[in-house]
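Where a number appears in this text, it was derived from the coordinates with a stated rule and is not lab data. This is a predicted model, so every value here is computed, not measured. Here the Cβ positions follow ideal geometry from the backbone for every residue, glycine too, while neighbour counts run over all protein chains shown.
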Amino acid sequence: MTEHLVLGPDVTERPLSSRRLMPLAIRATTPSVDLVSWATSFAEALRDRIVRHGAVLLRGFANVSAETFEKTIADVCGPPLEYVERSSPRHTVYRNVYTSTDHPANERIYLHNEQSYNLTWPQYICFCCLVPPRSGGATPVADCRRIHSRIPESIRDRFADCGYLYVRNFGNGLGLTWREAFQTDDPKEVERYCADNDIEFAWGSGEQLRTRQRRPAVASHPLTGEPTWFNHITFFHVSTLGPELAKRLTDSVGMSHLPNNTYYGDGQDIEPEVMDELRAAYDAERIEFPWKLGDVLLLDNMLTAHGRAPYSPPRQILVGMAKPERIPHGVVNPGR
């Protein structure tokens with residue numbers, strides 16, 4: 001594919017790989033192209049490319065910082081959103097711009113769509129590299145339309161019919177506390193949030209809380225209508241941790257007290273061979289590239305899953321989210 005010059009005289013665009021449309025790499029060819037000024041001028045064209053390709057990498061632009069990253073998100077994607085109903089440890093860097101994750105550097109983070117377990121999720125998730133990792137530390141991406149096509153039809157149909165159940169346990173010393181996840185010290189606030197977001201909850205002794213939420217496994221993109229595999233089934237299933245860690249965890253707290261796990265929407269266990277098929281579909285579509293200083297990666301969160309490879313510090317990747325979307329009425333609890 002030849003490079004195009006429709007985004008300005010000092011900017012080129014072409015897929016980063018000759019084999020895949022994702023991500024589209026848009027490069028500044030001179031060091032004087034200001035990130036915010038350029039992105040603001042070409043915001044509509046950028047949104048069009050994000051939907052078409054699922055992922056757009058901006059590389060080589062000038063004046064990249066937490067502040068200009070936040071401004072770029074606002075001008076292209078919409079006002080950056082607060083991080084609510086948290087599942088990953090993060091801290092604020094600038095307003096609603098956060099660290100991408102504070103998980104230990106040696107841990108892999110599996111491919112997933114940001115907050116697809118919520119009733120409301122961000123249409124866009126954006127990343128910015130301020131400190132490239134010494135080694136490793138890529139943010140792999142995968143096309144969820146292609147993942148959907150790869151999954152055997154019988155598996156897709158069962159999940160399409162009944163959705164999936166996400167069960168979460170707080171207060172056992174593993175994962176986030178409910179105070180951090182819901183950003184409050186008031187149990188009544190947690191209960192109100194759960195009631196407003198179709199989450200079943202049950203308090204235990206001390207700080208213990210169990211939540212259960214049924215969600216669809218497949219979504220239709222709001223602009224294109226394309227079916228996309230949009231869920232946290234694989235990401236939160238205990239088997240994705242690997243057999244050794246999964247066994248240690250279940251031996252320690254028991255299956256019913258795992259910090260996170262997923263099931264069919266009717267509460268039945270998901271068969272190991274089904275989980276293997278789901279992971280195989282994600283892994284077949286995984287695309288990885290090394291971060292460079294000043295890179296900005298813009299993802300359509302419904303079309304593109306993302307993750308994180310282990311790395312050698314230092315590494316500073318920022319994240320911001322924008323444009324809330326919500327599950328349409330009537331499909332919150334499939335199979336009910």
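How many nm is it between the label spots at Asp157 and Ser312, if each spot is 7 Å from the Cα in line with the beta carbon?
5.1 nm
With a/c under 1.5 counting as rounded, go ahead and sort the range 131-210 into rounded, prolate or oblate using the C-alpha gyration tensor (a ≥ b ≥ c being the square roots of the eigenvalues; past the cut-off, prolate if a/b is larger than b/c, else oblate). Mind dumping the intermediate values first?
Details: a/c = 2.70, a/b = 1.33, b/c = 2.02.
Taking the square roots of the gyration eigenvalues as a ≥ b ≥ c, the range 131-210 is oblate.
Separation between the Asp276 and Ser205 pseudo-spin-labels, each 7 Å from Cα along Cα→Cβ, expressed in nm?
That separation, rounded to one decimal, is 4.0 nm.
Taking square-rooted eigenvalues a ≥ b ≥ c of the alpha carbon gyration tensor, is the range 7-146 rounded, prolate or oblate, where a/c under 1.5 means rounded and, failing that, a/b exceeding b/c means prolate?
Details: a/c = 1.44, a/b = 1.33, b/c = 1.08.
Rounded is the answer for the range 7-146, as its axis ratio a/c remains below 1.5.
Over every pair of different alpha-carbon atoms in the chain, take the mean of 1/r and invert it; report that Kirkwood radius in Å.
Working: mean 1/r = 0.0484 Å⁻¹.
For the chain, the Kirkwood estimate is 20.6 Å.
Can you work out ³J(HN,Hα) from phi for every residue in the range 122-135, in order, using Karplus 6.51 cos²θ - 1.76 cosθ + 1.60 and θ = phi - 60°, giving whole Hz and x for Gly and Pro?
Once θ is set to phi - 60°, the couplings for the range 122-135 become x, 5, 10, 10, 10, 10, 9, 9, 9, 9, x, x, 4, 7 Hz.
Please get the size of the charge dipole for the range 146-281, origin at its Cα centre, with Cβ charges of +1 on Lys and Arg and -1 on Asp and Glu, quoted in debye to the nearest 20.
Details: 15 positive and 21 negative charges, 36 e Å.
Roughly 180 debye for the range 146-281.
If you stretched the chain out fully between Asp48 and Thr224, how much longer would it get, using 0.36 nm times the residue separation minus the C-alpha to C-alpha distance?
Details: separation 176, 0.36 × 176 = 63.36 nm, distance 1.12 nm.
Net length gain for the segment: 62.2 nm.
Answer with one residue from Val296, Ala280, Ser17: the one whose Cα lies farthest towards the positive end of the charge dipole of the chain, charges on Cβ with Lys, Arg +1 and Asp, Glu -1.
Ser17
Arranged from highest to lowest average of other beta-carbon atoms within 10 Å per residue, in what order do the peptides 93-104, 49-60, 155-166 appear?
So the order, starting with the most tightly packed, is 49-60, 155-166, 93-104.
Tabulate in residue order the Karplus-calculated ³J(HN,Hα) for the range 64-79, using 6.51 cos²θ - 1.76 cosθ + 1.60 with θ = phi - 60°, rounded to whole Hz; enter x for Gly and Pro.
Whole-Hz 3J(HN,Hα) from phi for the range 64-79: 9, 8, 4, 5, 6, 4, 4, 5, 5, 4, 4, 6, 9, 10, x, x.
Decide, for the range 146-281, between rounded, prolate and oblate: order the square roots of the alpha carbon gyration tensor eigenvalues as a ≥ b ≥ c, take rounded if a/c falls under 1.5, and otherwise choose prolate if a/b is larger than b/c, else oblate. Don't skip to the end; give the middle numbers.
Working: a/c = 2.37, a/b = 1.38, b/c = 1.72.
Oblate, since a/c reaches 1.5 and b/c is not below a/b.
With labels modelled as points extended 7 Å from the Cα through the Cβ direction, what inter-label distance (nm, one decimal) is found for Glu288 paired with Ala105?
With each label placed 7 Å out from Cα toward Cβ, I get 1.7 nm.
Cα centroid distance between the range 76-103 and the range 17-48, in Å?
23 Å
Along the Cα-to-C-beta direction of Arg326, a point sits 7 Å from the Cα; which residues of the range 197-218 have their amide N less than 15 Å from that point?
197-199
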